[in-house]
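Presented below is the structure to which this report refers.
The values are calculated or read from the model by the stated rules, or taken from the named source; none is laboratory data. All figures in this text were calculated on a predicted structure; none of them were measured in a lab. Glycine gets a Cβ as well: all are built from the backbone with ideal geometry, and neighbour counts include every protein chain shown.
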């Protein structure tokens, strides 16, 4: 009887084989439409508003299996929205001096050269591992999120 109870507990702790891993290595170029890109990005990033479009690189390793461990995430994105929505993307963030044109930004902007900002960004840190560069006039938020 005790052996059966122990076996049931062990099986209950095993991950369900039908649960799909959220691990991904995805560049926005693989998605055809703006709505597909926005929806995919917001599956890996909390989006306070739905972007009108986005370009991104996401490398996510879902380590929630058995035994569970912290997941790893490298997310870089340029998110397009209306200028009035940008303030929602920095609620709860802390304004901080950050690099205005980090190296990771260049390959993303080659996908949408018309989005190249003309103004200096307002820069923020938003919780652990996240930086945001905000160009209000252009309606752009650049996001760097690295969790390891």
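Quick check on the stretch 75-84. Is at least one of its residues farther than 21 Å from residue 38 by Cα and modelled with pLDDT of 95 or more?
No.
Looking at 146, 138, which one is touching a residue at least 24 places away in the same chain (Cβ under 8 Å) and touching a helix residue (DSSP H, G or I) at 6+ places or on another chain (Cβ under 9 Å)? I'd like the intermediate steps shown before the answer.
Details: 146 fails: touching a helix residue (DSSP H, G or I) at 6+ places or on another chain (Cβ under 9 Å).
Matching residue, one of 146, 138: 138.
Across the stretch 89-128, what is the number of residues that are assigned to a loop (DSSP other than H, G, I, E, B), within 19 Å of residue 44 (Cα to Cα) and in contact (Cβ under 8 Å) with a residue 40 or more places away in the chain?
2
Given the residues 59, 122, 53, 74, which is the only one that is more than 23 Å from residue 26 (Cβ to Cβ), surrounded by 15 or more Cβ atoms within 10 Å (Cβ to Cβ) and touching a strand residue (DSSP E or B) at 6+ places or on another chain (Cβ under 7 Å)? Walk me through it before giving the result.
Details: 59 fails: more than 23 Å from residue 26 (Cβ to Cβ); 53 fails: more than 23 Å from residue 26 (Cβ to Cβ); 74 fails: more than 23 Å from residue 26 (Cβ to Cβ).
One residue alone meets the criteria, 122.
Restricting the stretch 77-86 to residues that are surrounded by fewer than 14 Cβ atoms within 10 Å (Cβ to Cβ) and touching a residue at least 12 places away in the same chain (Cβ under 8 Å), which is nearest to residue 51 (Cα to Cα)?
Filtering first and then ranking leaves 82.
Could you count how many residues in the stretch 39-75 are under 19 Å from residue 143 (Cα atoms), without any contact (Cβ under 8 Å) to a residue 24 or more places away in the chain and not in a helix (DSSP H, G or I)?
Number satisfying all stated conditions: 3.
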